[in-house]
Amino acid sequence: MRRRSRNNNILKTVGLSSILAVGIGGLSYIAWKSMGKATADEYGCFDEAPQRQTVVLVDVSEPKFNEEQTRSLYRYFNQLYSKLEFNERLSVVTTAEDQIGSVPKPRFHVCGQATNPAQLEAINADAATSGYLVRQRQRLYEHKFAPAMSEILSPNTDSRQRYQSPILELVQGIRRFHPLRPGDRVVIASDLIQNSDTVRFCRTKNDMPPFSVFKKKSIYGRLKPESLEGIKVEVLMIQRHGYGKNDLSHCYSEDELRRFWRDYLIANGATDPSFVRVRHGIIGD
């Protein structure tokens, strides 16, 4: 009886050891399989994978957007989010008082989400079903993108700029924090009325001559950006009322502003920058 009991104990020990070994082996296999897996940050970005860049510059100087213009901008940026390529990084920079500086930093960023499992497999990320990917894109929109854009565009927010509109400085500084490459994109949402300690468009006489004259001024050496060659540039031009009067007495029309900025962008490497006029709640040419 003792011998049989001893044998049973030995068999139990061997069995438990085998189960333990299998369990440890399984965990080791899972860990081995996970090693080197690409993982996304909380904003849906895979740093290990190739990334196209879209950088949005939002001018939040006073006066901000009216109600109709705000709705138009919401519509535009929602469409921009919905059309992001997989892992395309969308960074939003503003002229808000707590953001401007010689090296502008993004207020937030998000990345385009995978639309099919094969895209995750291609970068060695954990697999997911198509249904999960749809839900993930919606969660990222609801928890990250939409709240951040609401904070930026809302008229009742501290995300504003009461004193300056340093658009030229912002365009110049954009290449300092983002290594833009051909095929990347820059979107500028602004009334294009530059106002800083360097130059004051529309408010100071001769501060906004034709660009062919402006580029010969010594001040331009401090404002000239790195080349935008190969970068797609789109400008959302916020219409203002009262050109040629009061604070805007030294620019006579939005066409004058548009012409200056088009010449400026082309002179610095942008090819055929597009301008979208934002007025009365309608985005149109």
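Can you confirm whether Val235 is crowded, with 18+ Cβ neighbours inside 10 Å and either under 12 Å from Ser190 (Cα atoms) or at pLDDT 95 or above (or both)?
yes
Is it the case that the range 208-223 has a residue that's closer than 30 Å to Glu88 by Cα and of a type in the set (A, V, I, L, M, F, W, C)?
Yes, some residue in the range 208-223 is closer than 30 Å to Glu88 by Cα and of a type in the set (A, V, I, L, M, F, W, C).
Against the definition (buried (at least 17 other Cβ atoms within 10 Å of the Cβ), aliphatic (A, V, I, L, M), touching a Leu at 6+ places or on another chain (Cβ under 9 Å) and under 24 Å from Glu62 (Cα atoms)), how does Leu248 come out, yes or no?
no
Which number in (1) in a loop (DSSP other than H, G, I, E, B); (2) modelled with pLDDT of 95 or more; (3) β-branched (Val, Ile, Thr) marks the one condition that Thr271 misses?
The one condition Thr271 does not meet is (2).
Among the residues of the range 40-59, count how many are farther than 18 Å from Arg181 by Cα and in the same structural domain as Ile123 (by TED's automatic domain parsing).
2
In the range 48-91, which residue that is modelled with pLDDT under 90 and of a type in the set (Asp, Glu) is nearest to Asp191 (Cα to Cα)?
Checked the range 48-91; the qualifying residue nearest to Asp191 (Cα to Cα) is Glu62.
Just to be sure before I move on: is Ile188 among the β-branched types (Val, Ile, Thr), within 26 Å of Trp261 (Cβ to Cβ) and at pLDDT below 95 in the structure I sent?
Criteria not met by Ile188.
Could you grab the pairs with beta carbons closer than 8 Å, sequence gap of 6+ or different chains, first residue in the range 231-250 and in the same structural domain as Met208 (by TED's automatic domain parsing) and closer than 16 Å to Arg203 by Cα, second one among the charged types (D, E, K, R) and assigned to a loop (DSSP other than H, G, I, E, B)?
Between residues of the range 231-250 that are in the same structural domain as Met208 (by TED's automatic domain parsing) and closer than 16 Å to Arg203 by Cα and residues that are among the charged types (D, E, K, R) and assigned to a loop (DSSP other than H, G, I, E, B), the close pairs are Arg240/Asp191; Asp247/Arg203; Leu248/Arg203; Leu248/Arg240; Ser249/Arg203; His250/Arg203; His250/Lys205; His250/Asp207.
Kindly indicate the residue of the range 180-213 that is assigned to a loop (DSSP other than H, G, I, E, B) and within 13 Å of the chain's Cα centre (by Cα) and also nearest to Asn78 (Cα to Cα) among those meeting that condition.
Ranking the qualifying residues of the range 180-213, first place goes to Asp184.
Does Ser165 satisfy being modelled with pLDDT under 95, in the same structural domain as Tyr252 (by TED's automatic domain parsing) and loosely packed, with under 14 Cβ neighbours inside 10 Å?
Taking the combined requirement at face value, the residue does not satisfy it.
Find all pairs meeting these conditions: Cβ atoms under 9 angstrom apart; at least six residues apart or on different chains; first residue within the range 261-279 and under 25 Å from Asn66 (Cβ atoms) and loosely packed, with under 15 Cβ neighbours inside 10 Å; second residue of a type in the set (A, V, I, L, M) and modelled with pLDDT of 95 or more.
That search, which allows pairs on different chains as well, returns Ser274/Val233; Ser274/Val235.
Name every residue in the range 123-133 that is within 16 Å of Cys45 (Cα to Cα) and either exposed (fewer than 13 other Cβ atoms within 10 Å of the Cβ) or of a type outside the set (Gly, Ala, Ser) (or both), in order of residue number.
Ile123, Asn124, Asp126, Ala127, Leu133
Please go through the range 66-88 and give me each residue that is surrounded by fewer than 19 Cβ atoms within 10 Å (Cβ to Cβ), assigned to a loop (DSSP other than H, G, I, E, B) and under 14 Å from the mean Cα position of the chain (by Cα), ordered by number.
Lys83, Glu85
Only one residue in Ala96, Ala128 is more than 16 Å from the chain's Cα centre (by Cα) and either assigned to a loop (DSSP other than H, G, I, E, B) or of a type in the set (Val, Ile, Thr) (or both). Which one?
Checking each option against the conditions leaves just Ala128.
The values are calculated or read from the model by the stated rules, or taken from the named source; none is laboratory data. Source: prediction; values computed, not measured. Positions of Cβ are backbone-derived with ideal geometry, glycine not excepted, and every protein chain shown enters the neighbour counts.
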